[in-house]
Amino acid sequence: MKKIFAIVSLLLISLAGIAQDKQPVYKSSFFGIRSDGTTDNTTSIQKALDFIAEKGGGTLEFSVGRYLTGSIQLRDGVDIYLREGAVIVGSTNIYAYKGAKGIFWGEGVKDVTIEGKGVIDGRGPGLLDNIDGQIKMRHIDEPVIPTLVYLKDCQNVSLKNFILRYPATKEDLYIIEGGSVTVEGCYTDTK
């Protein structure tokens, strides 16, 4: 009987340890992030990632809907999960990117995963039209054209299973410069 009690006690302690190691999942709506496709969520999404990073890490989960945004800087230990039907919609206003090289971007970040069956849609043609208009009006000269995901010198970063659409960079769905990044199951359905 003592052996059974000891085994059960060890099992419960092990399960408690596993439960404590699991990172929390935060719903995007908790941070006031709107899924209507027209509200600019750039500031709300960035504040959500910053908050989760300050709390020691976790996952920001996007449910079904369209989430308009400019550039979002990734944070150490913060994952992004795109449920099926969730679409991250890139702004067609070049000023929404503030010179960043991607909708989601990170330089030197570590322990990040972007995954799910959702979509990152850069709306490239609309963004390129906006850039051309700004150049013709002489408001800008040669802007940085953002891709969908830009990573430089990042460690332990994974991109998994989501769909990539209409990058403004035409040939590059994502750009990875150095570091340790794995890409698995991501694809484009752009015709």
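Read-outs throughout are calculated quantities, based only on the coordinates presented, and are distinct from any laboratory measurement. The model shown is predicted, which means the values in this text are computed figures rather than measured ones. We place every Cβ from the backbone using ideal geometry, glycine too, and count neighbours over all the protein chains shown.
Scattering from the chain was approximated by placing one identical point on each alpha carbon and applying the Debye formula without solvent; log10 I(q)/I(0) at 0.14 1/Å stands at -0.77. Residues whose amide H comes within less than 5 Å of that of K117, counting only those at least five positions distant or on another chain, are L82, E84 (H built at 1.01 Å from N in the peptide plane). Phi angles of region 75-86 translate, via the Karplus equation with coefficients 6.51, -1.76, 1.60 and θ = phi - 60°, into HN-Hα couplings of 10, 3, x, 10, 9, 10, 10, 9, 5, 4, x, 8 Hz per residue; Gly and Pro are given as x. A simple spin-label model places pseudo-atoms 7 Å from Cα toward Cβ; at K47 and V183 they are separated by 3.3 nm.
Summing Lys and Arg as +1 and Asp and Glu as -1 over all other residues whose Cβ lies under 12 Å from the Cβ of L68 gives a net charge of 0. Near G99, once Lys and Arg are set to +1 and Asp and Glu to -1 for all other residues with Cβ below 13 Å from its Cβ, the sum equals -1. Basic side chains Lys and Arg get +1 at the Cβ, acidic Asp and Glu get -1 at the Cβ, and with that the dipole of region 24-188 about its Cα centre reaches some 360 debye.
Rounded to the nearest 500, the helix-only mean residue ellipticity at 222 nm of the chain stands at -8000 deg cm²/dmol, with each DSSP H run of n ≥ 4 adding -39,500 (n - 2.57). With the dipole of the chain worked out from charges on the C-beta (+1 for Lys and Arg, -1 for Asp and Glu) around the Cα centre, which of V149, G32, Q46 lies farthest toward the positive end? About the Cα centre, the residue reaching furthest to the positive side is G32.
Distant-in-sequence amide contacts of G65, defined by a placed amide H-H separation under 5 Å and a gap of 5 or more residues or a different chain, comprise A86, V87.
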